[in-house]
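**Q** So that we are looking at the same thing, I have put the structure below in structure tokens.
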Amino acid sequence: MEDLEKSIVKTGTTTVGIVCKDGIVMAADKRATADFFIAHKDTMKVFKITDNIAVTVAGVVSDIQLIIKLTKAELKLKSVRTKMLPTVKEAANLFASITYQNIRKFSTIVGIAAFIIGGKDSDGFSLYEVGPDGSVQKISNYVTTGAYGSFIAYGILENEWKPTISIEEGRKMAVKVIFTAIKRDASVGEGANIVIIDEKGVSEIKEEKYPEK
């Protein structure tokens, strides 16, 4: 147990964000690992940031938790000061700025964290990727982050995504992506958590259990 506590707990992870014609679908698996040990089997990697913005996470758990807390606090503070809701772009740039500063601090533990940010604002629906280096990229179709499972995910997304995809089709595709990654990436497992962003905003996070044979 002492050795486990000294290990860096990482989300392992395959996460995905899909742009649909009528919204955004985001999903992630539920397994966290410490080296080759499965540390947790019910790890949340999809979070509601505001009523209209959600994020998926990958990387070192402690860094992810801190960055999410800081981002949520800053966005809330901005809303109070300006009386305006934050845009998805503002949220993505804030994640990127904090991530950039985090990974460049001297530490014996490298603060690796990556995020997919999706949401709805006055400009419509949008999806962004924030890399571990703090880079930010707007996504027009789909994106996936994480370990080896992300390579598998891109194969499915490249083959099956289309601009006219509906939210329900996107949800089924997201589940397929996560479940296929589970079959080949040992750091990915235990099912999927999914969030949908539509005209009503961010939905409740739903769980899809991985089918047992």
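**Q** Please work out if Thr99 is modelled with pLDDT of 90 or more, crowded, with 19+ Cβ neighbours inside 10 Å and assigned to a strand (DSSP E or B).
**A** It is false that Thr99 is modelled with pLDDT of 90 or more, crowded, with 19+ Cβ neighbours inside 10 Å and assigned to a strand (DSSP E or B).
**Q** In this structure, does Glu158 turn out to be surrounded by 14 or more Cβ atoms within 10 Å (Cβ to Cβ), of a type in the set (Asp, Glu) and not in a strand (DSSP E or B)?
**A** Against the criterion (surrounded by 14 or more Cβ atoms within 10 Å (Cβ to Cβ), of a type in the set (Asp, Glu) and not in a strand (DSSP E or B)), Glu158 does not qualify.
**Q** Select from the stretch 27-49 the residues that are over 18 Å from Ile67 (Cα atoms), charged (D, E, K, R) and surrounded by 23 or more Cβ atoms within 10 Å (Cβ to Cβ) and list them in ascending order.
**A** Result: Asp29, Lys30, Arg31.
**Q** Which of the following residues is free of Cβ contacts under 8 Å to residues at least 60 places away in the same chain, in contact with a helix residue (DSSP H, G or I) (Cβ under 7 Å, 6 or more places away or on another chain) and surrounded by 22 or more Cβ atoms within 10 Å (Cβ to Cβ): Ala113, Ala153?
**A** Just a single option satisfies the conditions, and that option is Ala113.
**Q** Which residues, taken from the stretch 130-150, are surrounded by fewer than 22 Cβ atoms within 10 Å (Cβ to Cβ) and either charged (D, E, K, R) or over 20 Å from Glu190 (Cβ atoms) (or both)?
**A** Answer for the stretch 130-150, where residues must be surrounded by fewer than 22 Cβ atoms within 10 Å (Cβ to Cβ) and either charged (D, E, K, R) or over 20 Å from Glu190 (Cβ atoms) (or both): Gly131, Pro132, Asp133, Gly134, Ser135, Val136, Gln137, Lys138, Ile139, Ser140, Asn141.
**Q** What do you reckon, is Asp42 closer than 25 Å to Leu157 by Cα, in contact with an Asp or Glu (Cβ under 9 Å, 6 or more places away or on another chain) and of a type in the set (Asp, Glu)?
**A** no
**Q** Still on this structure: Consider Ile165 carefully, then state whether it is touching a Cys at 6+ places or on another chain (Cβ under 8 Å) and at pLDDT 85 or above.
**A** Considered against the rule, which asks whether it is touching a Cys at 6+ places or on another chain (Cβ under 8 Å) and at pLDDT 85 or above, Ile165 comes out as yes.
**Q** If you don't mind, there's one more thing I want to ask. Select from the stretch 191-213 the residues that are in a loop (DSSP other than H, G, I, E, B) and touching a helix residue (DSSP H, G or I) at 6+ places or on another chain (Cβ under 7 Å) and list them in ascending order.
**A** Tyr210 - this is the single residue of the stretch 191-213 that is in a loop (DSSP other than H, G, I, E, B) and touching a helix residue (DSSP H, G or I) at 6+ places or on another chain (Cβ under 7 Å).
**Q** Tally time: how many residues in the stretch 49-89 are in a loop (DSSP other than H, G, I, E, B) and of a type in the set (A, V, I, L, M, F, W, C)?
**A** The total comes to 3.
**Q** Let me ask something additional. Among (1) surrounded by fewer than 18 Cβ atoms within 10 Å (Cβ to Cβ); (2) touching a residue at least 12 places away in the same chain (Cβ under 8 Å), which single condition is Ala181 missing?
**A** (1)
**Q** Tally up the residues in the stretch 52-88 that are surrounded by 13 or more Cβ atoms within 10 Å (Cβ to Cβ) and either small (Gly, Ala, Ser) or over 16 Å from the mean Cα position of the chain (by Cα) (or both), please.
**A** Looking only at that region, the number is 13.
**Q** Please name all residue pairs, on different chains or six or more residues apart, with Cβ atoms under 6 Å, provided the first residue is in the stretch 129-143 and is in contact (Cβ under 8 Å) with a residue 24 or more places away in the chain and farther than 17 Å from Val19 by Cα and the second residue is among the hydrophobic types (A, V, I, L, M, F, W, C) and assigned to a loop (DSSP other than H, G, I, E, B).
**A** Cβ pairs passing all conditions: Pro132/Ile112.
**Q** Can I ask one more? Evaluate the stretch 169-178: report whether one residue or more is part of a strand (DSSP E or B) and surrounded by 20 or more Cβ atoms within 10 Å (Cβ to Cβ).
**A** No, the stretch 169-178 has no match at all.
**Q** I've got another one for you. Being closer than 24 Å to Lys206 by Cα, polar (S, T, N, Q) and free of Cβ contacts under 8 Å to residues at least 40 places away in the same chain is the filter here; which residues of the stretch 51-86 pass it?
**A** Selection gives Gln65, Thr71.
The values are calculated or read from the model by the stated rules, or taken from the named source; none is laboratory data. Keep in mind that what you see is a predicted model, and the values were worked out from it rather than measured. Cβ: placed from backbone, ideal geometry, glycine included. Neighbour counts: every protein chain shown.
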